[in-house]
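Q: The structure follows.
The values are calculated or read from the model by the stated rules, or taken from the named source; none is laboratory data. All values reported here derive from a predicted model rather than from experimental measurement. Using ideal geometry, Cβ is built from the backbone for each residue, glycine included, and neighbour counts are taken over all protein chains shown.
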Amino acid sequence: MLKNLKLENILFLDIETVPEAEFFSELDEVTQELWETKSRFQRKEAFTAEEFYDRAGIWAEFGKIICISVGYFHFSGDIRSFRVTSFYGDEVKLLKEFKNLVISHFSQARHLLCAHNGKEFDFPYIARRMIIHGIELPYKLNLFGKKPWEVPHLDTLELWKFGDYKNYTSLKLLTNVLGIPSPKEDIDGSEVYGTFYKEKDLDRIIKYCERDTVAVAQIILKFKGDVLLNEDEIKIQ
């Protein structure tokens, strides 16, 4: 089935998120209590709610998106390229820009959105943040009433599981196993909070997000048995 998948019909993406506020103390009392309750299972007795707050970005209720990187294949005869662009900064602005791209170029029945762990993280996170900000969901993110086989999402983690739901395989591990080059300058996902709030280095996060988007595309190429992208074929816009 993947062999017949047309690459030009796929919008590859990755998102980076951080806590909505830099410090736990900036939250109002109600939100602090809600965070304490929400995070209780994950932090157990090892951390207080305040100590655990730097991880709040993984929950759409307490975090925000600071970057969405997207990539798509372009073919001109036998020449292919993979074009990457990013939406970043103000969350409302980047969500609207991303929505406009999806509506204008990837809204047909043949189009798919693809991310690593996208069905569990990227796609619902984007949708939830849009709802929070009062942005109407584009068709590709509005799953209400859709049957599983009608959902226009492709997930490289799900493909790798082959029906085995006991394990989580990170993007970094999967690219390593599949022999996909990973740039040495990658930052770890756990460093995004500090890079954004303490170092104020959004550019570094954008580059990290773009590299992960390329990595997702490379995984699909590997699954299809196609030649991997080389550096000359990747166009950052």
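Q: Identify all residues within the stretch 136-177 that are under 18 Å from Arg211 (Cα atoms) and either within 20 Å of the chain's Cα centre (by Cα) or of a type in the set (Lys, Arg) (or both); write none if there are none.
A: If we filter the stretch 136-177 for residues that are under 18 Å from Arg211 (Cα atoms), which is where we start, we get 155-157, 169-177.
Scanning the stretch 136-177 gives Asp155, Thr156, Leu157, Thr169, Ser170, Leu171, Lys172, Leu173, Leu174, Thr175, Asn176.
Q: Kindly list the number of the only condition in (1) modelled with pLDDT under 95; (2) basic (Lys, Arg); (3) touching a strand residue (DSSP E or B) at 6+ places or on another chain (Cβ under 6 Å) that fails for Lys184.
A: Going through (1) modelled with pLDDT under 95; (2) basic (Lys, Arg); (3) touching a strand residue (DSSP E or B) at 6+ places or on another chain (Cβ under 6 Å) one by one, Lys184 breaks only (3).
Q: When you check Thr31 against the structure, is it in contact with a strand residue (DSSP E or B) (Cβ under 9 Å, 6 or more places away or on another chain), within 16 Å of Ile132 (Cβ to Cβ) and of a type in the set (S, T, N, Q), yes or no?
A: No; evaluated as a whole, the condition is false for this residue.
Q: If I filter the stretch 187-217 down to residues being of a type in the set (Asp, Glu) and within 15 Å of the chain's Cα centre (by Cα), which single residue comes out as modelled with the lowest pLDDT? Full working, then the answer.
A: Here is the first cut: in the stretch 187-217, the residues of a type in the set (Asp, Glu) are 188, 191, 199, 201, 203, 210, 212.
Subsequent filtering for residues that are within 15 Å of the chain's Cα centre (by Cα) retains 188, 210, 212.
Values: Asp188: 80, Glu210: 96, Asp212: 95.
Among those residues, the one meeting the criterion is Asp188.
Q: Restricting the stretch 15-34 to residues that are of a type in the set (A, V, I, L, M, F, W, C) and part of a helix (DSSP H, G or I), which is farthest from Glu50 (Cα to Cα)? Walk me through how you get there before you give the answer.
A: Residues of the stretch 15-34 of a type in the set (A, V, I, L, M, F, W, C): 15, 18, 21, 23-24, 27, 30, 34.
Cutting the leftovers down to part of a helix (DSSP H, G or I) gives us 24, 30, 34.
Working: Phe24: 6, Val30: 14, Leu34: 12 Å.
Of everything passing the filter in the stretch 15-34, Val30 is farthest from Glu50 (Cα to Cα).
Q: Name the helices (runs of 4 or more DSSP H) wholly inside the stretch 82-166 in which the number of residues that are farther than 21 Å from Val18 by Cα and in contact with an Asp or Glu (Cβ under 9 Å, 6 or more places away or on another chain) is 1 or more.
A: Numbers: elements: 91-105, 122-132, 156-161.
Qualifying helices (runs of 4 or more DSSP H): 156-161.
Q: Give the residue, chosen from Glu29, Glu97, that is more than 19 Å from Gln237 (Cβ to Cβ) and acidic (Asp, Glu). Give the steps one after another, and end with the answer.
A: Numbers: Glu97 fails: more than 19 Å from Gln237 (Cβ to Cβ).
None of the other options fit; the residue is Glu29.
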